[in-house]
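Chemist: Input: one structure, supplied below.
The values are calculated or read from the model by the stated rules, or taken from the named source; none is laboratory data. All of these numbers come straight from a predicted model, not from anything done at the bench. All Cβ positions, glycine included, derive from the backbone under ideal geometry; neighbour counts span all protein chains shown.
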Amino acid sequence: MTGSLLNVLRTEKPILSAPMAGAAGPELVAAVCNAGGYGVIPLWGRSKEQVSSGIDGLRELTDRNFAVNLNLSFAYQEQLEMCIDKAVHGVSLFWGMDPSAIKQAKAGGLIVLVSVGNAQETRTAADAGADVIVAQGWEAGGHVWGQVSTMALIPAVVDAVGIPVVAAGGIADGRGMAAAMMLGASGVWIGTRFLASSEATIHEVYRARILQASETDTQWAHDLYDVGWPDAPHRALFNTTSKAWVDAGCSAPGKRPMENEQIGQRPSGDPIVRYQSYTPLPQTVGDVEAMSLWSGQGVSLVREIMPAADIVDEVYQDAKRHLQMGVSVLR
Ligand SMILES: Cc1cc2nc3c(=O)[nH]c(=O)nc-3n(C[C@H](O)[C@H](O)[C@H](O)COP(=O)(O)O)c2cc1C
């Protein structure tokens with residue numbers, strides 16, 4: 001069904017850059033689109049004017065198709081209406097299942113990508129008219145919706161519906177892409193690997209940790225970085241904050257070590273407190289190591305900073321090679 005995915009997204013390569021709030025700005029998304037992939041820009045949590053200017057800004061960098069990522073657990077109605085008014089190609093909906101949002105986006109003429117964590121949600125999304133399913137495995141970095149690992153999730157989701165499924169979580173190179181395609185995915189949605197693209201807008205301390213971390217260096221937690229976004233499980237690199245929290249027996253919010261301590265400032269000057277859900281930007285100041293350094297388990301495959309276009313090309317060519325090799329492996 002890869003052909004069908006490429007037709008729906010009107011793109012050349014079935015590689016999507018994951019929306020990563022704070023980290024995946026217009027430069028990264030445009031670079032992926034211009035390299036023949038499909039970029040997804042997070043514009044949730046913004047005013048409708050900011051959504052409008054975010055779309056315009058991205059359109060100045062690419063004339064290719066892209067999608068806008070919206071978060072269903074925050075107010076999204078105005079942003080969705082703006083996406084429809086601006087006739088963006090696609091909208092990506094995550095952190096919730098709302099058939100009415102899917103139907104509204106479809107009625108507005110958008111291609112709708114829906115993130116899921118199991119087969120039941122997949123059927124609900126497909127029944128509401130979703131065009132593409134994004135199945136996010138538990139290995140994923142950032143906020144993690146489901147609890148099933150990519151290896152088990154993808155075939156279950158693929159078997160549940162007849163629309164293209166894009167695999168997310170732990171895919172960081174051509175081997176991962178080839179494996180996902182063998183499981184029935186039509187394409188891949190890559191996050192952590194693009195944190196090491198030249199275009200990602202993250203702090204150098206965060207980037208350095210990504211380049212050194214191994215597959216055992218991440219922590220999944222339900223309510224570690226919950227300030228600003230409670231009840232939302234996530235995966236991030238071990239750091240001084242998470243180590244102190246684990247040593248304290250993974251204590252509940254309100255009873256954690258150094259709770260409410262200010263550990264830095266956003267570029268705007270606003271304070272960042274320990275346990276805040278926040279992606280450190282290049283201009284963030286303070287104890288960056290102690291902030292939420294989102295990362296997936298595939299981080300051990302991320303060893304070099306490269307232009308996003310080169311990442312798209314390398315992953316695509318390597319996946320092709322591995323899929324061709326696979327034919328002879330079992331002879
Ligand atoms: C820094 C970071 C920020 C993220 N922010 C978002 C977001 O705003 N919206 C979203 O749908 N997913 C977000 N995610 C999850 C990704 O879209 C994707 O599912 C995940 O990165 C895939 O797993 P991988 O990191 O192993 O490639 C984020 C992930 C990371 C690493």
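Chemist: In region 262-289, how many residues are among the hydrophobic types (A, V, I, L, M, F, W, C) and either more than 16 Å from the ligand (Cβ to nearest atom) or part of a loop (DSSP other than H, G, I, E, B) (or both)?
Modeler: Of the residues in region 262-289, 4 are among the hydrophobic types (A, V, I, L, M, F, W, C) and either more than 16 Å from the ligand (Cβ to nearest atom) or part of a loop (DSSP other than H, G, I, E, B) (or both).
Chemist: Still on this structure: Being under 15 Å from Leu195 (Cβ atoms) and either among the charged types (D, E, K, R) or in the same structural domain as Glu27 (by TED's automatic domain parsing) (or both): is that true of Ala319 here?
Modeler: no
Chemist: Need at least 2 residues that are within 13 Å of the ligand (Cβ to nearest atom) and not polar (S, T, N, Q) per element, so show me which strands (runs of 3 or more DSSP E) inside region 183-243 make the cut, counting only ones lying wholly within it. Can you show your working first?
Modeler: Values: elements: 187-190, 218-221, 234-237.
It comes to 187-190, 234-237.
Chemist: Still on this structure: Could you pull out the residue among Trp95, Trp44 that is touching a Ser or Thr at 6+ places or on another chain (Cβ under 8 Å) and farther than 21 Å from Gly162 by Cα?
Modeler: Of the residues listed, the single one that is touching a Ser or Thr at 6+ places or on another chain (Cβ under 8 Å) and farther than 21 Å from Gly162 by Cα is Trp95.
Chemist: Then there is this: Out of (1) outside the structural domain of Leu61 (by TED's automatic domain parsing); (2) in contact with a helix residue (DSSP H, G or I) (Cβ under 7 Å, 6 or more places away or on another chain); (3) surrounded by 20 or more Cβ atoms within 10 Å (Cβ to Cβ), the odd one out for Thr284 is which?
Modeler: Tallying (1) outside the structural domain of Leu61 (by TED's automatic domain parsing); (2) in contact with a helix residue (DSSP H, G or I) (Cβ under 7 Å, 6 or more places away or on another chain); (3) surrounded by 20 or more Cβ atoms within 10 Å (Cβ to Cβ), Thr284 fails exactly one: (2).
Chemist: List, please: which pairs have Cβ atoms under 8 Å, are six or more places apart or on different chains, and start with a residue in region 33-61 that is more than 20 Å from Phe194 (Cα to Cα) and free of Cβ contacts under 8 Å to residues at least 60 places away in the same chain and end with one that is among the aromatic types (Phe, Trp, Tyr) and within 13 Å of the ligand (Cβ to nearest atom)?
Modeler: Gly45/Phe74
Chemist: Within region 8-29, can one find any residue that is closer than 20 Å to Tyr316 by Cα and among the polar types (S, T, N, Q)?
Modeler: yes
Chemist: Would you kindly identify the helices (runs of 4 or more DSSP H) lying entirely within region 1-86 that contain at least 3 residues that are under 30 Å from Pro230 (Cα atoms), more than 15 Å from the ligand (Cβ to nearest atom) and in contact with a strand residue (DSSP E or B) (Cβ under 7 Å, 6 or more places away or on another chain)?
Modeler: none
Chemist: Applying the selection to region 146-173, what residues are among the polar types (S, T, N, Q) and not in a loop (DSSP other than H, G, I, E, B)?
Modeler: Correct list: Thr150 only.
Chemist: So, one more: Among the residues of region 50-100, how many are basic (Lys, Arg) and surrounded by fewer than 20 Cβ atoms within 10 Å (Cβ to Cβ)?
Modeler: So the count comes out to 2.
Chemist: If you go through region 101-127 one residue at a time, how many are within 16 Å of the ligand (Cβ to nearest atom) and surrounded by fewer than 20 Cβ atoms within 10 Å (Cβ to Cβ)?
Modeler: Residues that pass the stated criteria total 1.
Chemist: Would you check if there is a residue in region 153-165 being over 15 Å from Gly142 (Cβ atoms) and either within 11 Å of the ligand (Cβ to nearest atom) or outside the structural domain of Thr122 (by TED's automatic domain parsing) (or both)?
Modeler: no
Chemist: For region 282-301, name all the residues that are in contact with a Phe, Trp or Tyr (Cβ under 9 Å, 6 or more places away or on another chain) and not small (Gly, Ala, Ser).
Modeler: Listed by number, the residues that qualify are Thr284, Val288, Glu289, Met291, Leu293, Trp294, Gln297.
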